[in-house]
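A.B. asks: Just dropping this structure here.
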Amino acid sequence: MVSEFVFATVQYESGDWDSAPLVPANLIDSVARYTSIPVSPTGVIVPLSSPDLMRYPLVYLTGHLPVRLSDAERRSLARYLDRGGMLFVDDHNHDVDGQFHKTVTDEIRRAAGPLVELPNTHPLYTTFFHFDDGPPTTSQELNGWGDNLVHRHLMAVVRGGRIVVLYSNKDYSSEWGYHPENKRFLSVDNTRLGVNIVVYALTR
Amino acid sequence: MTARERLRRVQWLLGVTAVLSAASWAVTSATLLLLLIACADVAVPLSLSFRRTGLVLATLVALIAAGVALVRARGVSSEESVALWLEDHLPELRYSLVTLLKPVGAAEATLERVVAGTRWRAPLERALLRAVGVPLFLLAFALIVARMLPAGSARRALTPVRGDVLARTPTGARNASALESIVARVTPPAYSGLASVTIEQPTTITALAGSQLEIEGRRTDAPVDARVDSQRVAVVSDGARWRSTLTMPVRAEALRFADGIRERWVVLEPRADSVPVVTLTLPARDSVLRTRAGRIPIVAEVHDDFGLAGGWLELIISSGDGEQFRFRTLTLGHTSGGGARSSAIRRMLPLDSLRLEPGDVLHLRAMARDRNTVTGPGIGSSDTRTLRVLRAGEGDSVAMEGAPPPAADSSLLSQRMLVLLTEALVKQRRAMAHEPFVNESRRIAGDQARLRRRVADVIFARLGSPAPGEEQGGVEEERRGGMTPEQLLRAAEAATGTAADKTLDFSEDESPVVATNRPLLEAYQAMWDASRSLEIVEPERALPPMRRALEAIERARQVERLYLRGRPPVIVVDLARVRLSGSREGASARERTPRPADSLAARRLRRLERALTLLSGAHAPQRTAAIDSLLLLRVDALADAPALATSLATAIDVLRAGRDATEALTSARRALGEAPLVTPGLSSWGSAW
C-alpha cells in the first residue's frame with residue numbers, strides 16, 4: 001500500500017505555533033502540482049510531545065514568540081530526530097537576533113545539536129527544483145522588514161550526511177502564507193523550495 | 001646491698017627480659033606469616049583482599065605470640081617465684097634467699113652472708129639469651145629469605161595497596177607482554193570533590209567526563225601503542241613502567257593498547273555531570289493578568305549533583321501582534337549557589353517596574369549554572385511560565401477566534417427571554433382565560449422550537465454534517481428529538497472521527513468539537529422537553545428544562561473560551577483539480593505509514609551473534625577476540641541502550657573469570673529484541689501451552 005504524505009504542523013505549548021495557518025495548504029498544493037507524490041489534501045496539527053509525531057517524516061514549526069519546550073516536548077523531538085524524522089523550522093520574525101531565533105535555536109541545540117550553515121551547493125537545492133544561488137530570497141527580506149538582512153544561507157543540523165533539522169530565518173512562513181488559489185497571480189511560484197524540502201525529507 | 005634489694009633488682013631484669021621476649025616473638029611470628037604469604041604470591045598472584053586479610057592475620061598472630069610469651073613469664077611478678085627461680089639455678093644459696101623473705105630473727109646476718117657470697121650474673125645471662133635469641137634468630141632467617149624473593153614481592157605482602165599489581169614480577173617474564181598487567185588511576189575534576197581511584201586490570205573505566213586518566217604497565221622491549229578511535233594517544237616510558245595519560249571523553253570510547261604480542265581493549269565510559277534541575281514552583285501555571293500592577297511571587301527550586309555556582313530569573317517581554325513584535329529581555333534575582341547541591345531562588349516581581357502594555361506577554365523562567373569548569377558550565381532552566389496582559393475589552397468577548405458563535409438573530413427570542421415569558425405566563429394563569437392561555441403557551445413553544453433549530457444549526461454545522469431532522473422536520477425531527485443526550489453525544493462523536501480532529505489530543509480522547517458541543521447538546525435536549533410541555537399547555541413543567549437549557553448555553557459559552565482558541569482554518573486542497581486528473585472530494589488524511597524501526601538493533605544483533613560464534617570456538621584467541629567484540633559492542637550500546645550495555649558488562653566479567661556467561665548473554669539477546677507480540681484471539685491462559 002502506498003501511503004500518502006501528510007503535511008504536519010507542530011503544536012508546542014509556548015508561543016504562537018499557529019501563526020502561519022495557510023502555509024500547509026499552499027505546500028500541499030505545490031507538492032500535488034509539481035510531483036506525483038501521493039499527498040493528503042489537508043495537513044494535520046500534531047502536538048510536539050505526542051507519540052503521533054512519529055507518523056510524519058517531515059514536520060513544520062514556526063512562530064513569532066519565544067519557544068520554550070517542555071521536557072516532554074524536548075524528549076519527543078530528540079526521539080523523533082533520532083528515528084529519522086526531519087524538522088523544518090522557520091522564523092516568522094525574519095530575525096537573526098530575535099527571541100524566536102534565540103530560543104528555538106537554543107532548543108534545537110539541546111535536542112539535536114548545534115546548527116551550522118548549510119552550503120548553497122547542498123543537495124537540498126537540487127533535489128527537485130534547482131536553486132543555483134541557494135535559498136530563494138523572500139519579499140520580507142527585500143522590503144527591509146525584520147533585521148534588514150538578506151540571509152545567504154539556511155542553517156541545519158546534519159547527521160550522517162542527512163539534514164535532520166532545517167532552520168530558516170528568511171520568513172518563508174510569511175512568503176508562503178496565502179491561499180493556494182492565489183498562486184495563479186504569481187509569475188513564478190515562490191513555494192518551490194518547499195517542494196524540495198518535502199522531496200528531500202521523503203527520499204533521504 | 002641487702003639480699004632483698006638484690007632480689008628486687010633481679011626481678012626487674014627478668015621482667016624486662018619477658019617483655020623483650022614477647023616483642024621478639026610477636027615480630028618474628030608476624031614476619032614468618034607475611035613471608036609465607038609473599039612466597040605464595042610469587043607462585044600464584046594473590047588478590048588484594050587476600051593480602052589485606054593476611055596483614056590482619058599477621059597482627060593477630062603477633063598479639064597471640066606476645067601474649068603467650070608474657071603468660072609464660074608471669075612468675076616474675078612475685079618475689080617468692082623469682083627467689084625460687086634463683087635457688088633453682090644457684091644451688092649454693094641453699095635456700096638462704098627464700099628463707100630471708102620471712103622473718104628469721106638472729107639468723108638473718110648469717111643468711112645475708114651466704115647470699116652475698118653468691119654471683120647471680122650467669123643464670124640471668126642465659127635466661128636473656130634463651131628468651132630473645134631464638135625469636136631473633138628466626139627473624140633473621142625470615143629476612144634473609146625475604147631478600148631472596150623477587151623484587152616487590154615483600155612489599156606486596158607488607159603494604160598491599162590497589163594498583164600494586166605492577167610491583168609483582170611475573171613468572172616466565174622473558175616474553176611477557178607489556179600489557180599483561182595494567183593499572184588505571186582516575187583523578188576526577190577538582191570541582192567535583194571526588195577522591196582519586198585506582199583500578200587494577202581495567203576492562204571498563206567509569207568516571208566523570210573530564211577526569212584525568214593515567215594508565216600504566218610494565219615496560220618491556222616492545223613499544224606500546226595506544227589509540228582511541230584510531231587517534232594515537234601518547235605513551236611515555238618511565239623507568240620500568242610505561243604510562244599513558246588522557247582525559248575521559250564526553251562520549252563512550254574504546255581505548256586500544258597493542259605491543260606486538262597482544263592487544264588489550266579498555267572501555268572508557270564517561271559519567272555526565274548533570275545540568276542543574278530547576279523547578280519553577282511559583283507562579284504555578286500560565287495566567288492572564290487583568291491589571292498591570294501588583295507584585296508576583298516567584299519561587300524556583302534548584303538542585304545539582306556536584307554543587308551550584310548560581311541562579312537567576314530570565315524574563316522576556318514580547319509586545320505587539322501580527323507581524324510586528326518587539327522583545328525585551330531582563331535578568332534578575334541573581335543568587336550565589338555557593339557550591340550547595342540544593343538552593344532556591346525567591347523574588348517578588350513588581351509588575352509596575354516592567355512597564356507592561358495591554359497585550360504584552362511575559363515569558364518567565366528560572367535558570368541555574370553548576371560549577372563544572374571542565375565540560376561545562378552546565379546551565380539548567382525551568383519550564384517557562386507565560387503571563388499575558390489582557391487587551392482592552394478582550395474579557396468581554398465570548399469567542400476569541402476560530403469559530404465564533406453565529407451572530408444573534410433579532411427575530412429570535414433568547415432562552416432567557418423565553419424563561420421570563422413562561423414564568424410570567426404561569427403567574428397570570430388564574431387571571432387569564434383558557435384560550436389566550438393556550439395560545440400564549442403554544443406561541444412560546446414555537447419560539448422555543450425556532451431557538452432549538454438554531455442551536456441544532458450550530459451543533460451540526462460543527463459536526464460536519466447537516467441536521468436532517470431539523471431541516472426536514474416531521475419524522476426525522478422526532479427521531480432526533482427522541483434521543484437521549486448520551487445517544488446524541490455518541491452520534492456526534494461518530495460524526496467527528498476525522499483525522500485532523502484525532503490528531504488534536506484534547507482531554508480524555510475528546511475532540512474539541514465534541515467538547516464544545518456537549519453543553520449545547522444538553523441544551524438541545526432540554527429545549528425538546530420544554531417545547532413538548534409548552535405544546536400541551538403545561539408551562540410549569542416546561543420551566544425546569546428551559547432553565548437547564550439556559551444553564552447549558554452558559555456553559556457552552558465558557559467552553560468556547562477554552563477550546564476554540566488557536567484552531568487554524570482547515571483548507572482542503574482539491575488535489576485532482578490541481579493535478580488536472582478529475583475530481584476528488586476532500587477526504588480524511590491518512591497518515592503516512594511510520595518508517596520501519598531503525599535497523600540499529602538488527603545490526604547489533606548480528607554483531608552479537610558473530611561474537612557468540614567466536615565464543616563457541618575452542619581456541620583461546622577466539623574467546624579473547626569474542627570478548628573484545630563484546631567490549632566494542634558495549635561501547636556502541638552505552639549511549640542509547642543501557643540495558644544491553646549492562647548485560648554485556650556482566651557477560652564480559654563472567655567470561656573473563658572463566659565462568660558460564662549464558663545467563664548474561666541471554667539477557668543481552670533479550671535486550672536487543674523487539675517488544676513481545678500479542679496474538680489476538682488467544683486468552684493469556686490458553687496460550688501458555
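The values are calculated or read from the model by the stated rules, or taken from the named source; none is laboratory data. On a predicted model such as this, the values are computed, not experimentally measured, just so you know. Here the Cβ positions follow ideal geometry from the backbone for every residue, glycine too, while neighbour counts run over all protein chains shown.
A.B. asks: Does region B:306-336 hold any residues that are in contact (Cβ under 8 Å) with a residue 40 or more places away in the chain and more than 22 Å from residue B:284 (Cα to Cα), and which are they? Spell out the reasoning first.
C.D. replies: Narrowing region B:306-336 to residues in contact (Cβ under 8 Å) with a residue 40 or more places away in the chain: B:306-319.
Within region B:306-336, B:306, B:307, B:308, B:309, B:310, B:319 meet the criteria.
A.B. asks: Could you grab the pairs with beta carbons closer than 8 Å, sequence gap of 6+ or different chains, first residue in region B:420-432 and at pLDDT below 90, second one assigned to a loop (DSSP other than H, G, I, E, B) and surrounded by 15 or more Cβ atoms within 10 Å (Cβ to Cβ)?
C.D. replies: Pairs that qualify, where the first residue is at pLDDT below 90 and the partner is assigned to a loop (DSSP other than H, G, I, E, B) and surrounded by 15 or more Cβ atoms within 10 Å (Cβ to Cβ), are B:421/B:413.
A.B. asks: Can you name the strands (runs of 3 or more DSSP E) wholly within region B:234-283 that have at least 1 residues being in contact with a Phe, Trp or Tyr (Cβ under 9 Å, 6 or more places away or on another chain), among the small types (Gly, Ala, Ser) and assigned by TED's automatic domain parsing to the domain that holds residue B:207?
C.D. replies: In region B:234-283, the matching strands (runs of 3 or more DSSP E) lie at B:241-247, B:253-258.
A.B. asks: Next up: For region B:335-377, which residues satisfy the criterion of being touching a Ser or Thr at 6+ places or on another chain (Cβ under 9 Å), surrounded by 15 or more Cβ atoms within 10 Å (Cβ to Cβ), closer than 16 Å to residue B:308 by Cβ and of a type outside the set (A, V, I, L, M, F, W, C)?
C.D. replies: Once the filter is applied, which keeps residues that are touching a Ser or Thr at 6+ places or on another chain (Cβ under 9 Å), surrounded by 15 or more Cβ atoms within 10 Å (Cβ to Cβ), closer than 16 Å to residue B:308 by Cβ and of a type outside the set (A, V, I, L, M, F, W, C), region B:335-377 yields B:335, B:337, B:343, B:370, B:371, B:372.
A.B. asks: Exactly one condition in (1) surrounded by fewer than 18 Cβ atoms within 10 Å (Cβ to Cβ); (2) over 30 Å from residue B:167 (Cα atoms); (3) modelled with pLDDT of 90 or more is false for residue B:36; which is it?
C.D. replies: (2)
A.B. asks: Additional query: Could you tell me how many of the residues in region B:288-334 are surrounded by 19 or more Cβ atoms within 10 Å (Cβ to Cβ) and of a type in the set (Val, Ile, Thr)?
C.D. replies: 4
A.B. asks: Within region A:1-48, count every residue that is more than 17 Å from the chain's Cα centre (by Cα), more than 7 Å from every other protein chain (Cβ to nearest Cβ) and either of a type in the set (A, V, I, L, M, F, W, C) or surrounded by 21 or more Cβ atoms within 10 Å (Cβ to Cβ) (or both).
C.D. replies: Counting residues in region A:1-48 that are more than 17 Å from the chain's Cα centre (by Cα), more than 7 Å from every other protein chain (Cβ to nearest Cβ) and either of a type in the set (A, V, I, L, M, F, W, C) or surrounded by 21 or more Cβ atoms within 10 Å (Cβ to Cβ) (or both) gives 3.
A.B. asks: Hey, does region B:597-620 have a residue that's away from every other protein chain (no Cβ under 14 Å), exposed (fewer than 12 other Cβ atoms within 10 Å of the Cβ), under 18 Å from residue B:265 (Cβ atoms) and not polar (S, T, N, Q)?
C.D. replies: Yes.
Okay, residues lined up against (1) within 11 Å of chain B (Cβ to nearest Cβ); (2) at negative phi; (3) at pLDDT 90 or above; (4) touching a Lys or Arg at 6+ places or on another chain (Cβ under 9 Å):
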position: A:68; (1), (2), (3), (4): yes, yes, no, yes
position: A:71; (1), (2), (3), (4): yes, yes, no, no
position: A:75; (1), (2), (3), (4): no, yes, yes, no
position: A:79; (1), (2), (3), (4): yes, yes, yes, no
position: A:85; (1), (2), (3), (4): yes, yes, yes, yes
position: A:89; (1), (2), (3), (4): no, yes, yes, no
position: A:92; (1), (2), (3), (4): yes, yes, no, no
position: A:96; (1), (2), (3), (4): no, yes, no, no
position: A:99; (1), (2), (3), (4): yes, yes, no, no
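A.B. asks: Could you figure out which of (1) within 16 Å of residue B:166 (Cβ to Cβ); (2) surrounded by fewer than 21 Cβ atoms within 10 Å (Cβ to Cβ); (3) touching a residue at least 60 places away in the same chain (Cβ under 8 Å) isn't true of residue B:252?
C.D. replies: In the conditions (1) within 16 Å of residue B:166 (Cβ to Cβ); (2) surrounded by fewer than 21 Cβ atoms within 10 Å (Cβ to Cβ); (3) touching a residue at least 60 places away in the same chain (Cβ under 8 Å), residue B:252 misses (1) alone.
A.B. asks: Of the numbered conditions (1) touching a helix residue (DSSP H, G or I) at 6+ places or on another chain (Cβ under 6 Å); (2) under 30 Å from residue A:62 (Cβ atoms); (3) modelled with pLDDT under 75, residue B:564 satisfies every one except a single condition; which is it?
C.D. replies: The single condition residue B:564 does not satisfy is (1).
A.B. asks: To continue, here is another question. Could you please find all residues in region A:28-81 being in a strand (DSSP E or B), farther than 30 Å from residue B:581 by Cβ and free of Cβ contacts under 8 Å to residues at least 40 places away in the same chain? Steps first, please.
C.D. replies: We begin by selecting, within region A:28-81, every residue in a strand (DSSP E or B); these are A:39, A:44-47, A:58-63.
From what's left, farther than 30 Å from residue B:581 by Cβ: A:47, A:61-63.
Residue satisfying the conditions is A:47 alone.
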